Structures are given as structure tokens and as C-alpha cells.
Amino acid sequence: MSNSLETVLIKKAKQGNKTAFSKLILQYESNVYNIAYRMFYNEADAKDIVQEVFLRIFQKLHQFQDNAAFSTWLYRITVNICIDEIRKRKGKETYSIDETYKTEDDEMIRQYPGDSKSPEEIYLQKERIEALYKAIQALSEEYKLAIILRDFQNFSYQEIADILSCSLGTVKSRIARGRIQLKNILLKEQRELFNKTVV
Amino acid sequence: MTCEQIKENISLYMDNALDNKEKKELEQHIHTCNSCKLEFTQMLDTIDLLHSIPPEELPFNLHEEIMKKVYDMSSEHKIQSVSKKDKFFRLLKPMVAVFLVLIVVGFGVLGIFTLIPTKSITEEMEKNSAPQEMIVRDTANENSDFYREKMESSTDFAEIENLPEQKIIKTASLFLEVEDFDLVYQKIKQMVEKNKGYIVNAESYIYYSDDEKKEYLKEGHLTIRVPREVYGTAQQQIIELGKLKHQSENSDDITDQYMDTEGKIRMLKVQEERLLVIMENATKVEELIQLEQRLNEVRTDLEILKGRIQNWDKLVAFSTIEVKIRQVKKAMIHAIAPNFSIKIKEGLITSINRAQSSMEIFFINIARNFIQIIFGLVCIIIGIWVIKFLYKKIKFKFNKI
Ligand SMILES: [Zn+2]
């Protein structure tokens, strides 16, 4: 979407035009959903987050400054809502990652049936994705967010700094350290898996 | 550079986020250090794995769900949900009314019964309907100025004038069969203009044509808004243009919601003024920013509520009539009678009311007199039995004689 068109849509949406608002958010929904999905690895939670994000955008649109980037503002709200939700859960109960995996199992198989791959390949890919998601869930919030924004959503370092409201240096170190941690978790799991099959 | 620093830089190297000097240093180090070389290949695999994951597809209908919530939050949509609630209350009202009538009439009848316990049901009914007639006669006969003055100054009237104006949204839908489609279509549009209404939506299309494509039949929908004062006559005028096939009416009383919203607006205005006063005296920047935010929120709420009132005003001032017209060949037209004629409408309603109330009184009397009726029946049965017994005895005696 061109910038001028987006500016017009924002202006109209601010005046309460819901059609303009609908057009405005359409292109961002997929990204917001994917950020939330990867933060919670769960469709229902991701859907709730997406709805909350866009309702908040609608309510707070009048506060949005026209000279700022709308996308940055929107993703900042997304990130904040995700973090709020995680903190809320931490306060209430320990969040079991393994349980989520079990319930999502079937869905993971159904998700990529279109690929022309052999059953083994599909199974392997499914295993790999699951292992990766599991590893990501084990990361701390900061690293998790940095990696999701960088490696899944393909944001630049500067964009991530804007979204997270932190310095470029912080972003660089979070991405680097997050990836190292992630790699180590994956290696450890592989080793455990290997040991199990040997025994 | 230490191995630790190199290992951190590997990740940045892969994103091309290092400067030339750091880049060169890293490349040289990896050629000489096996540990960092392994780290490099492992990191490459990890990032490859991360990038191999396809994005999740947006769940079906999520956009619609979001927009539905957005609409739910804003004003126009609230009217619909309100009117649904209203329908429930409209159903409840007559039930409550009947219940109250039952109680009042019940006590009245009970009172009469305790005084004159031996009156018949029909006599009782006459008594109950009598006061109504008397009131009618009173107003008809007493035409004196004294009486009129008394009426106007009575407290009842003052109260009625102080009551808020009823806010009722009226909607009707009509379905007509016509012979000359274009003429009727034109005439409806003219009628709307003449009545200072407006057309919200109008569309027409061909729904049938014969095999030779010589004859076309059209169908059309019009949504019109007319001032509520001409709501009845406008409907009548449309009905006269064709043969009525279907008619329905709906009215939503939003008085309560309307007053509620007006009250909220008054409250918010007070809040707004108060905030402005506080802001004038505020000195700290932080405080000012907070106040401004709060003021913004209050003003947004105000705008939403004002918009709602404006929308309601429009809906109340202009009644909606949905008209569907279908063109048919002459022989095909069969009309139904309009379910009311505007002129006789009130008469009809009052006569229905009267019929209802006399039926009610009849049943109430039966209910009230239940014990008496049972007692009477028992008496009659005992009486018959006694007479039969006596008759047999006499007969027996006669036979004996
Ligand atoms: Zn090294």
C-alpha cells in the first residue's frame, strides 16, 4: 500500500470511518497474527491477541501522531499486548509448553498437506518445526521477541529497535544471544534424542 | 577479539550487520579456530531452519470477526442490539399489563362479592362495564368551561406534559404486485419527494421474460425514509398503487436508552469542564500530558454518544418504509386486504381492546366465582338427588296405596 493512501485511510479512520479502518488493517493482520502465533504457539491465543490488538488500535487511533510510522506503532502495540498477556499468565499459573504441543499435534500435520513431499519428509519437517517451536518457547521473552521479529517476520534491525523502543545495539545483542541460546537448546535436544535411540 | 565476541558476531555476520573490519576479522578467525568454525556451521543451520518455517495462514473469518467487534463498539451498531432487547420488553409489557388488570379487577370483584355475594355472573359483568360508559358520557355531556378548565389544570395533565417525548423508531415493509412497474416506481419516488422524505436505496431488475424475449417483467426494492408524521399516509399512498401482497410494521421504543445517553452526555460535559479547569492550574508537564490524555478520552466518548443521539434523532424523525414491487401480468394479480386502513385503524384497535376486556372480565368472573359455582353445582346435584329420592318415595307410597 502506498504511503499516501495509508495516510488517507488513517485520516478517515480517525474520523470514525469503519470502511477505511477495515482497509487499513487488512494488510497487517497476517503479520500480527504470525507474531502472536509464534509467541504463544497456539491458534486460539493468537486469534484473541489479534482481536485485542486491532480493537486497541481502533480505540487509540486518535492518539496516533501522523508523523510517525503507522506500522511501527501497530507492531509496538502488538508486542506490548503479547508481553502483557505473558506476564498475566506468569502471575496466575506456570505455563506448560508441552501441553500445548500435544494439543497442536494434529493441527501441525494438517497445516502443510499441499506440499508434494513424501510422508517421511513431511513427518521430518513437522518434527523439525515442532522442535524449533519448542526451543523458541524456552527462550526468555526478550530473546524470543527479537528472534520472531527478525527471523520470522523479516524486520530490519532498525525497525525492531523502533518497535521495541530500544537502541540498535540492544537489538543486535538480543538477536545474537537469542540465536546462540536457541542453537544450544536445539543441539541439546538432538543429543538427547540421539542418546534415547542408541539406548 | 576473543572467541566469545566472535561467536556473538557470527549471527550479525549472517545478517550482514557487521562493518568491513569486523567482517574480515571474523573470516580470518574462523579459518584458524575450530571451535568457532563449528559454531559458524551450527548457526548457519539454525538460521536456515528458522527461515524454513512457512508463515501461518490467517484463520478464516478473522478479519470479519475483528470488524464485527469494531462495529459493536461504535454507535450505530448499538441501536440494533438495543432494539432486540426492546422486542423482549415489548413482549413482557402486555403480560405485565394483563397481570395487573387481573389483580385490580380481581380485588374489585372480590370487594363487590363480599358486599353482595348472591349476584349472578351476567349482572356482575354489566356492573363492571358500566363505569367505562359513564366516563364516556361524562365527557360528552359536561361541555361547560368549568369542566374544561378543571381538565387542563388537573395534575394528571401536568404530569403528561412533563413526561419525555416518546422516542419510537418505526419501520414498515410492503410488498405490492403491479401491472405498470415503471409508473409505480416513478410514483413512489414522487410521493417521497412530495412528503419531504428521501430515498435511501432503490434498485430494479428484470426477473422474468418470455421465450420470445418480447415481454419483460420487473421487480424492484425501495428503501425510503419519510417524516414520521406522514408515515401512515405514505404507506396508504403506496398501497393504493398496486395490489398489496404483504405488509408488516415494527416500532422500537428507545426512550429509555435515549434518556440514558443524554444523561451520560451531561455527565461527560461536566467532566470535560472540570478537566479544563484543572488543566489551567496544572504546572507540571507530566501532569498536563496525563490531563490531556484524559480530556481526549472524555471528548472521544462525548463524540460517540453525540453521534448516537444524532443518529437516533434521524431514525425517530424519519420512519423507514421498505417497498418491494413486482410486476405481474394482468391475470396474475391477486390482492390481499390491507391489514389495516389508516382511517379505521384506531377504531379497529379500540374495538379489539373492548372485545379483549369484556372477554377478560368474563373469565375473571368465572375464576372469581369458582367456589360459588362449584357450591351452586353441588347444591343443584344434591337438590336433584333429593327430588329424585322424594319422588321415588312418593311413587313407592303411591304404589303401596
Ligand atoms: Zn574462536
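Assorted remarks:
- Mean partner shielding of peptide A:126-136, defined as the number of other chain Cβ atoms within 10 Å of each residue Cβ, is 2.
- As a calculated quantity, the FRET efficiency between B:Glu57 and B:Leu183 at R0 = 60 Å, using C-beta atoms, amounts to about 0.65.
- Total formal charge among the other residues, if their Cβ is under 14 angstrom from that of A:Ala20, Lys/Arg +1 and Asp/Glu -1: +4
- Distances between placed amide hydrogens fall under 5 Å for B:Lys167 paired with B:Ile254, B:Thr255, all partners being 5 or more residues away or on another chain.
- For A:Asp48, solvent-accessible area (1.4 Å; no DNA, RNA or ligand), Å²: 100 Å²
- A 1.4 Å probe over all protein chains sorts A:Tyr143, B:Tyr208 by accessible area into B:Tyr208, A:Tyr143, starting with the largest.
- For the stretch A:46-55, the Karplus equation 6.51 cos²θ - 1.76 cosθ + 1.60, evaluated at θ = phi - 60°, returns couplings of 4, 5, 4, 4, 4, 4, 4, 4, 6, 5 Hz by residue, with Gly and Pro reported as x.
- Charge dipole of the stretch B:157-294 (Cα centre as origin; +1 on each Lys and Arg Cβ, -1 on each Asp and Glu Cβ, all else neutral): 220 debye, rounded to the nearest 20.
- Normalised by 2.2 N^0.38 Å, where N is the number of residues, the C-alpha radius of gyration of the stretch B:164-331 stands at 1.60.
- Too-long pairs where the Cα-Cα distance tops 26 Å, listed order kept, from A:Lys12/A:Lys144; B:Lys269/B:Lys314; A:Lys47/A:Lys134; B:Lys194/B:Lys329; A:Lys11/A:Lys88; A:Lys134/B:Lys69: A:Lys12/A:Lys144; B:Lys194/B:Lys329; A:Lys11/A:Lys88; A:Lys134/B:Lys69
- Once both labels are positioned 7 Å from their Cα atoms along Cα-to-Cβ, the gap between B:Ile387 and A:Cys166 label points is 10.6 nm.
- Model label zone, B:Tyr71; criterion: amide N under 17 Å from point 7 Å along Cα-to-beta-carbon; scope the stretch B:310-324: none
- Accessible-area order (highest first, 1.4 angstrom probe) of the listed residues B:Thr261, A:Thr72: A:Thr72, B:Thr261
- Average partner coverage of A:11-23, which counts Cβ from other chains inside 10 Å: 2
- When the alpha carbon gyration tensor of the stretch A:112-199 is reduced to an equivalent ellipsoid, the three semi-axes, largest first, read 30, 18, 8 Å.
- Over the Cα atoms of the stretch B:3-52, the radius of gyration divided by the Kirkwood radius equals 0.96; this is the Rg/Rh ratio.
- Among the residues of B:52-65, the average count of other protein chain beta-carbon atoms within 10 Å of the residue beta-carbon is 6.
The values are calculated or read from the model by the stated rules, or taken from the named source; none is laboratory data. This one's a predicted model, so the numbers in the text were calculated from it and none came from an experiment. Cβ coordinates were reconstructed from backbone atoms using ideal geometry, including for glycine residues, and neighbour counts include every protein chain displayed. All accessible areas refer to the heavy atoms of the entire protein, side chains included, with ligands and DNA or RNA removed. Shrake-Rupley method; radii C 1.70, N 1.55, O 1.52, S 1.80 Å.
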